[in-house]
């Protein structure tokens with residue numbers, strides 16, 4: 001079985017006849033017929049029914065076509081990769097994304113950028129606190145998207161979005177009247193669910209916490225949300241992530257006394273000032289700046 005035989009077979013299926021298939025793949029009709037016949041002889045079953053004028057797939061042929069189509073798709077990708085490797089490295093862009101960006105800003109810009117780079121290898125890692133900029137410092141990411149945390153004069157950054165962080169819990173965690181102000185003392189003995197810092201060099205302290213309060217740590221916002229939905233604690237979380245649960249009453253927003261229970265968090269596009277930048281990273285930076293201009 002060869003790639004040429006598979007291409008001839010798939011062309012017959014998709015073009016509807018042996019003659020049209022031959023024209024499509026720039027082969028002679030006898031060579032296309034021979035390729036299909038060889039496949040049938042090798043596997044000892046018919047790919048096409050001979051009961052009608054135009055070729056129609058048998059049951060075995062339909063199953064074989066699905067797999068052949070997938071295999072040829074992978075072969076085409078491998079061929080494209082080989083050509084890129086012959087010319088140099090595969091175009092790669094690595095982004096360190098803050099975990100709080102549950103709906104990353106600029107998805108439409110990212111999609112359009114990727115459409116112009118059909119062979120782009122896009123690597124996105126989800127980080128929290130110091131982990132976001134640590135990827136830049138270690139030069140394992142070209143760009144970062146996240147809040148102001150950890151930024152200083154080593155970085156160049158521009159605001160591209162904002163998100164709303166709110167404090168929530170399941171209604172039966174506290175059993176308070178709706179819209180009631182929550183004393184800090186009432187929350188101290190109930191787990192405050194926090195995301196662990198993903199950085200390994202110089203982890204940051206959490207800012208929006210209650211002094212002396214009980215704390216639980218999780219690895220991502222999905223686990224944080226799961227614990228909230230189970231009534232196992234309270235937390236600050238991006239509003240867009242729990243909008244449906246707030247509307248249904250499964251979760252309720254908390255107004256905690258003397259606590260930053262609701263805030264607007266600017267989200268920045270970030271890069272190191274002195275880092276050598278690829279043309280791809282520069283182009284992506286300019287593409288994402290359109291968010292700020294819009």
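No value in this document is a laboratory result; all are computed from the given coordinates. Nothing here was measured: the structure is a model prediction, and the numbers come from that model. Here the Cβ is made from the backbone with ideal geometry for all residues, glycine too, and neighbour counts use every protein chain on show.
Antiparallel beta bridges, as assigned by DSSP with both residues in the chain, represent about 55 percent of the total such bridges. The antiparallel fraction among DSSP beta bridges confined to region 163-264 stands at about 55%. Of the residues 141, 35, 169, which exhibits the maximal mean-square fluctuation in a Gaussian network model of the chain defined by a 10 Å Cα contact cut-off? Among 141, 35, 169, the largest mean-square fluctuation in the Gaussian network model of the chain belongs to 35. In the chain, the longest principal axis of the Cα atoms and the axis of helix 107-116 are about 30 degrees apart.
Run the helix sum for the chain: -39,500 (n - 2.57) per DSSP H stretch of 4+ residues, divided by residue count, reported at 222 nm to the nearest 500 deg cm²/dmol.
Working: 10 runs with 117 residues, N = 294.
Calculated at 222 nm, the ellipticity per residue is -12500 deg cm²/dmol.
Relative contact order for the chain: what percent, with Cα pairs under 8 Å and sequence separation of 6 or more? Let's see the in-between values first.
Details: 462 pairs, mean separation 60.8, N = 294.
Worked out over the chain, it gives 21 percent.
Between helix 59-87 and the chain there is an angle of about 70 degrees, using the helix long axis and the longest principal axis of the Cα atoms.
Overall shape: prolate for the chain, with the ratio a/c of the largest to smallest alpha carbon gyration tensor axis at 1.5 or above and a/b above b/c.
Computed on the Cα trace of region 252-291, the radius of gyration divided by the Kirkwood hydrodynamic radius gives Rg/Rh = 1.30. Principal-axis analysis of the Cα atoms of the chain puts helix 29-43 at an angle of about 70° to the longest axis. List the residues of region 141-167 whose backbone N lies under 11 Å from a point placed 7 Å from the Cα of residue 108 along the Cα-to-Cβ direction. No residue qualifies, since no backbone N sits under 11 Å from the label point. Looking only at 121, 46, 264, which one moves most when the chain is put into a Gaussian network model with springs between Cα atoms under 10 Å? Of the options given, 46 has the highest mean-square fluctuation.
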